[in-house]
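To start, the structure itself, in structure tokens.
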Amino acid sequence: TIFSASSTAPVNIATLKYWGKRDKLLNLPTNSSISVTLSQNDLRTLTTASCSADFDSDKLWLNGKLESLESVRSQACLADLRGLREKVEAKDESLPKLSQYKLHIVSENNFPTAAGLASSAAGFAALVSAIAKLYKLPEDMSELSKIARKGSGSACRSLFGGFVAWEMGDLENGEDSKAVEVAPLSHWPTMKAAILVVSDDKKDTPSTSGMQQTVATSDLFQHRITEVVPKRFEEMKKAILAKDFEKFAELTMKDSNSFHAVCLDSYPPIFYLNDTSKQVIKLIHRLNEQEGKTIAAYTFDAGPNAVIYYDEINEKKVLGLIYNYFSQVAGWEKYSKDVSTLDKI
Ligand code: DP6
């Protein structure tokens, strides 16, 4: 017999960035963070987990390619999930002993991995969620988020839809470092995100080593995690609950800039933004100035691609300006390829 279950998890984009670990093995962060999870219909990972007494080893196929499950991160997730399943089995003798079977995991992204989007977040969230379903574990997303977190920090936020907070916690074992819902997407359905693929290069400093370098060398970093982020975390949650776009947008842009500032303050410095990213930043500020109010916000992760947040009522204005600008700057031909992926929440 083969037992199977499938699950999807969408990509999430942080509006208050996670950058820095206090424990590398458990992926415990140095600050709390907030993100918006894109809708299930857009960028997501679909994962099917199967197990059988006939399988002789754990295996993972990612986008059709056999990948290793040997990493400490993947092993930590599998061990936790098997541990929870053992508890379920101990309570009910009649259940098949799935915890003892090897797993075959088939995972597929519906977006190009090379686009530099945070695929590990959706990937680990979908993996944990599919295995939890297969094992019939209680659907407690905050509990499962602690397991996904061990796979990749930001993955813990992809277990929830809508507006999500990752509370850093302060326990050494990480039991209180989990994702919680701030508000479902239905709370603010007019909020949209556009992803501008500025470059599909994968040559940046990976976030895992980048944040370690920042923690070890940046002087600004201490200021960010002690003074700036704790206050911003509370303010951003408030802005989301009040659907205050201007406040939400201002905090989002400031936090993106603060994160890239600590990257630049690392030694040697880490650069994620390129000239096109900087043009997008200027363009959004110019647009907001012209409008006399903030109608769009940018944010950038560990790469040059921009995510623009706006209210759907302003979609034509915001996306129209971006299209027009980049078609004029260097001729549409050059940029149409780069700015071709406009994905919405
Ligand atoms: C800039 O979650 O990829 O996207 O925990 O080492 O896997 P690991 O790092 P990861 O870092 C994400 C960094 C970020 C900000 C964010 O998503 O909050």
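The values are calculated or read from the model by the stated rules, or taken from the named source; none is laboratory data. Predicted model, so just to flag it, every value in this text is computed and none were measured. For neighbour counting, all protein chains shown are included, and Cβ atoms are generated from backbone atoms with ideal geometry for every residue, glycine included. Quick note on the areas: whole protein, heavy atoms, side chains included, nothing else; ligands and nucleic acids left out. Shrake-Rupley method; radii C 1.70, N 1.55, O 1.52, S 1.80 Å.
Charge tally around GLY20: other residues with Cβ under 13 Å, Lys/Arg +1 each, Asp/Glu -1 each, net +3. Select from the stretch 44-141 those chymotrypsin sites (Phe, Trp or Tyr not before Pro) which occupy a DSSP coil region and have at most 16 other Cβ atoms within 10 Å, ordered by residue number. Passing both the DSSP loop test and the Cβ count: PHE55.
The angle between the Cα long axis of helix 315-329 and the main principal axis of the chain comes to about 70°, on a 0 to 90 degree scale.
Taking amide H as placed 1.01 Å from N in the peptide plane, the amide H of ALA306 sits under 5 Å from that of LEU196, VAL198, each at least 5 places away or on another chain.
Based on every Cα atom in the stretch 204-328, Rg and the maximum pairwise Cα distance Dmax equal 15.6, 44 Å. Using alpha-carbon pairs under 8 Å, 6+ residues apart, how would you state the relative contact order of the stretch 1-153 in percent? Once divided by the residue count of the stretch 1-153, the mean separation gives 34 percent. Placing one equal scatterer on every Cα of the stretch 122-242 and applying the Debye formula, the log10 ratio I(q)/I(0) at q = 0.11 Å⁻¹ is -0.50.
Rounded to the nearest 10 degrees, the angle from helix 245-264 to the longest Cα principal axis of the chain is 80 degrees. For the chain, the solvent-accessible area with a 1.4 angstrom probe is 45 square angstrom per residue.
Here the Gaussian network model covers the chain, with springs between Cα atoms less than 10 Å apart; of GLY83, GLY161, GLY292, GLY292 fluctuates the most. Accessible area of GLU289 (1.4 Å probe, protein heavy atoms only, ligands and nucleic acids ignored): about 150 Å². What the Kirkwood sum gives for the stretch 1-134 is a hydrodynamic radius of 16.1 Å, with every pair of different alpha carbons counted.
Normalising by residue count, the chain has a Cα convex hull of 135 Å³ per residue. Counting only heavy atoms of the protein chains and using a 1.4 Å probe, ASP204 has close to 60 Å² of accessible surface. Nonpolar atom fraction for the chain, defined as the carbon and sulfur part of the 1.4 Å probe accessible area, stands at 52 percent. Largest to smallest in accessible area, the residues ILE281, ILE240 fall in the order ILE281, ILE240 (1.4 Å probe, all protein chains included). With the whole protein complex present, LYS133 retains an accessible surface near 120 Å², based on a 1.4 Å probe.
When the chain is treated as a GNM with alpha-carbon contacts under 10 Å, the residue of GLY162, GLY210, GLY151 showing the greatest mean-square fluctuation is GLY210. Each Lys or Arg adds one and each Asp or Glu takes one away; over the other residues whose Cβ falls under 15 Å from the Cβ of ASN31, this sums to +3. Of PHE271, PHE163, the residue with the largest accessible area leads and the full order is PHE271, PHE163 (1.4 Å probe).
Each Cα pair under 8 Å and six or more residues apart adds its separation to the average, and for the chain the resulting relative contact order is 20 percent. Taking all protein chains together and a 1.4 Å probe, the residues ARG286, ARG73, ARG224, ARG82 rank ARG286, ARG73, ARG82, ARG224 from largest to smallest accessible area. How far, in degrees from 0 to 90, does helix 141-151 lean away from the longest principal axis of the Cα atoms of the chain, to the nearest 10? Its long axis makes an angle of about 80 degrees. Stokes-Einstein diffusion for the stretch 44-202 at 10 °C, viscosity 1.306 mPa s, with a Kirkwood radius from C-alpha pairs, works out to 94 µm²/s.
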